[in-house]
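This report refers to the structure that appears directly beneath it.
The values are calculated or read from the model by the stated rules, or taken from the named source; none is laboratory data. Only a predicted model underlies this, so the values are computations on that prediction, with no experimental measurement involved. Reconstructed Cβ throughout: ideal geometry from the backbone, glycine too, with neighbour counts over all protein chains shown. Surface accessibility is based on the protein's heavy atoms, side chains included, excluding ligands, DNA and RNA. Shrake-Rupley method; radii C 1.70, N 1.55, O 1.52, S 1.80 Å.
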Amino acid sequence: VDLMNQDPARPVIICEYSHSMGNSLGNFQDYWDAYDKYPRLQGGFTWDWVDQALRHAGPDGTEVWEYVNSSDGANVNDGLVNADRTPQPELNEARKVLQPVKIDDIDLARGRLQIRNAYDFVDLSHLALSWRLMADGMEVQSGVYAEPLDVPPRMDREIFLPLDITRIPAGQEGFLDVSLALREDQPWASRGHEVAFAQFLVRERGDASGTAT
């Protein structure tokens, strides 16, 4: 496929673009880096969304999900969720890569981040941003971004968080956790449901300099 051809009349949609058998989904971010770069790439169909299985009663009367493949016995347990819709670990990777808001580090030492709206039609005013500064897994500072996140679709904005990285004791590992969650109930999720998140290394363990990494 000539991805440099920007003719919007010839979109590219990939079938089985991310095989998810077992605990896989490797290189999923690489696909979406390409989707962000080339407008012709429209997305794809993950193979599979759900495990292929038949539900029936077992010998003792309990519910059993039977994974059957009449060919080579493979390629049935390859969903992002189990047949009963229980999430599998690789769904976390898909969720992270596909999140509609991108959060990038501009200058962590000064609390500067970039928020990029990947939605096509809505701004980010329906989301609330909160953050936590962590030292060896313990919260040492936290806050809520007070200004409205009315970032227009496909646009970005720099924001400032009042981080005090001196609260991370010398020699301890420091991370900044950022979360964007629904302000109000939606038909598909309740208020407080996390829509996007990011984690940034602020200081490596053993670094006593107090500067962001």
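When +1 charges are put on Lys and Arg Cβ atoms and -1 charges on Asp and Glu Cβ atoms, the dipole computed for segment 31-180 relative to its Cα centre reaches about 520 debye. Please calculate the 1.4 Å probe accessible area of residue 205, with all protein chains present, and give it to the nearest 10 Å². We get 140 Å² for residue 205.
Going by accessible area, probe 1.4 Å, with all protein chains left in place, what is the ranking of 163, 129, 54, 98, largest first?
In descending accessible area the options line up as 54, 98, 163, 129.
Between 132, 55, 203, the Gaussian network model of the chain with springs among Cα atoms under 10 angstrom shows the greatest mean-square fluctuation at 55. Pop out the carbon and sulfur fraction of the accessible area of the chain as a percent, whole number, probe 1.4 Å. Within the chain, the accessible surface is 51 percent carbon and sulfur.
Annotation: extensible slack from residue 13 through residue 167 equals 50.7 nm (criterion: 0.36 nm per residue apart, minus Cα-Cα distance). Provide the convex hull volume over Cα atoms per residue for the chain, in Å³. It comes to 204 Å³ per residue, whole-number rounded. Between the amide H of residue 143 and those of 131, distances stay under 5 Å, these residues lying 5 or more places away or on another chain, with hydrogens modeled in the peptide plane. Derived scalar couplings between HN and Hα for segment 150-165 equal 8, 6, x, x, 6, 10, 9, 8, 8, 10, 10, 10, x, 6, 10, 6 Hz in order, rounded to whole Hz, by the Karplus curve 6.51 cos²θ - 1.76 cosθ + 1.60 (θ = phi - 60°), x for Gly and Pro. Rounded to the nearest 10 degrees, the inclination of helix 28-37 to the longest alpha-carbon principal axis of the chain is 70 degrees. Please work out the FRET efficiency for the pair residue 125 and residue 42, using the Cβ-Cβ distance as r and a Förster radius of 25 Å; give the result to the nearest 0.05. It comes to 0.40. DSSP beta bridges confined to segment 84-192 are antiparallel in about 100 percent of cases. Ligands, DNA and RNA are left out, and with a 1.4 angstrom probe the accessible area of the chain is 60 Å² per residue.
Take residue 62 and residue 107, extend 7 Å from each Cα along the Cα→Cβ direction, and tell me the distance between the two endpoints in nm. So the label points at residue 62 and residue 107 sit 6.0 nm apart.
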